[in-house]
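Please read the structure below before turning to the comments.
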Amino acid sequence: MKANINWKSIKTVLLDMDGTLLDLNFDNYFWQEYLPIHWGSLNNIDALSAKKQLRYWYAKEVGTLSWYSLDFWTERLNFDVLELKSDVQHLIKYRPHAETFLQRLNESDFFVVMVTNAHEDLIKMKIEKTNIDIFFDRIISAHTIGHAKEEEPFWKKLQLEVPFNCDETLLIDDNLMVLRAARKYGIRNLLTIEKPDSLRPEQETAEFDAIYSFQDIIF
């Protein structure tokens with residue numbers, strides 16, 4: 001579908017990274033397949049049981065900063081999670097037309113900010129693979145803010161860090177919990193992503209306008 005945004009009113013563009021600009025397949029494959037198999041083999045647990053246990057632990061942390069913290073999972077699982085992620089970094093890639101979209105934004109007068117729940121070390125890994133940092137005026141990690149984007153205090157602290165007018169700001173994010181938190185805070189212009197993971201079916205986008213690829217955005 002076409003994004004129903006009045007671009008003439010937009011001054012600040014807030015963009016998520018994983019599942020929005022970059023293919024979520026890297027993260028989904030790592031957390032749901034690769035890590036459980038590795039952790040299971042280290043602990044003499046079969047793959048199915050390892051996946052079941054880890055999904056239980058994941059569910060307890062969803063929506064919190066711990067869920068996105070490599071330090072948290074490194075301590076919980078007793079091995080270097082970031083180092084293990086490097087095994088599958090070949091899966092890091094842009095979503096369809098995302099790079100071209102970023103180039104177009106960069107050539108315009110918008111203030112463009114990456115707002116991501118990703119750990120700083122993981123951001124560095126993805127920058128090394130994609131050079132995505134060159135398109136942004138600022139890159140803000142939830143770990144710097146001290147709250148996950150799903151939590152309302154994130155948006156209050158973000159606005160202190162990067163002043164923006166809620167009425168003149170657009171947020172694009174694949175996470176519906178994040179979009180609802182941003183809407184509650186007062187950000188009016190919101191878009192989500194129909195297909196964050198190239199190898200999984202389209203997600204339910206609920207009450208939010210959604211785009212399939214960044215070709216759907218015209219400004």
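Over region 26-90, what portion of Cα pair distances is larger than 18 Å, expressed as a whole percent?
Result: 30 percent of Cα pairs exceed 18 Å.
In nm, to one decimal, how far is the modelled label at ARG138 from the one at LYS52, with both set 7 Å along Cα→Cβ?
Output for this residue pair reads 4.6 nm.
With charges set only on the Cβ (+1 for Lys and Arg, -1 for Asp and Glu), what does the dipole of region 26-90 come to about its Cα centre, in debye to the nearest 20?
Its charge dipole is roughly 300 debye.
So what is the orientation-averaged projected area of the chain, using the convex hull of its C-alpha atoms, in nm²?
It is 11.4 nm².
Which ³J(HN,Hα) values, rounded to whole Hz and listed in residue order, are derived for region 95-103 from phi using the Karplus coefficients 6.51, -1.76 and 1.60 in 6.51 cos²θ - 1.76 cosθ + 1.60 with θ = phi - 60°, glycine and proline given as x?
Coupling constants for region 95-103: 6, x, 6, 5, 5, 5, 4, 5, 4 Hz.
For LYS126, which lysines qualify as cross-link partners when the Cα separation must be under 22 Å and same-chain residues fewer than eight apart are set aside?
Straight-distance partners of LYS126: LYS85, LYS93, LYS149, LYS195.
From the phi angles alone, apply the Karplus equation (6.51, -1.76, 1.60; θ = phi - 60°) to region 128-135 and give each ³J(HN,Hα) in whole Hz, x where the residue is Gly or Pro.
For region 128-135, the Karplus-derived couplings read 4, 7, 10, 6, 5, 5, 5, 8 Hz, x marking Gly and Pro.
Compare ASP173, ASP46, ASP27 in a GNM of the chain, Cα atoms joined below 10 Å, and give the one with the largest fluctuation.
Looking only at ASP173, ASP46, ASP27, the biggest GNM fluctuation is shown by ASP46.
Let me have the relative contact order for the chain, percent, based on Cα pairs under 8 Å that are six or more residues apart.
Taking the mean separation of contacting Cα pairs over the length of the chain, I get 31 percent.
Among LEU122, ASN189, PHE111, flag the residue with its Cα farthest along the positive direction of the charge dipole of the chain, charges on Cβ as +1 for Lys/Arg and -1 for Asp/Glu.
Sorting the options by dipole projection puts first ASN189.
Read phi for every residue in region 158-175 and hand back ³J(HN,Hα) as whole Hz from Karplus 6.51 cos²θ - 1.76 cosθ + 1.60, θ = phi - 60°, with x for Gly and Pro.
Residue by residue, region 158-175 yields 4, 5, 6, 6, 10, x, 8, 8, 4, 6, 10, 10, 10, 10, 10, 8, 7, 9 Hz.
Taking the Cα centre of each part, how many Å lie between region 12-71 and region 115-151?
With region 12-71 and region 115-151 each reduced to a Cα centre, they are spaced 17 Å.
Would you mind finding the longest exposed-site-free stretch of the chain, with exposed GluC sites (Glu not before Pro) meaning DSSP loop and at most 16 other Cβ atoms within 10 Å?
Longest stretch, sites excluded: 1-106.
Summing Lys, Arg as +1 and Asp, Glu as -1, what charge do residues with Cβ under 13 Å from the Cβ of SER141 carry, SER141 excluded?
-2
No value in this document is a laboratory result; all are computed from the given coordinates. Note that this is a predicted model, so its numbers are computed, not measured. Counting neighbours? That spans all protein chains shown, and the Cβs are built from the backbone with ideal geometry, glycine included.
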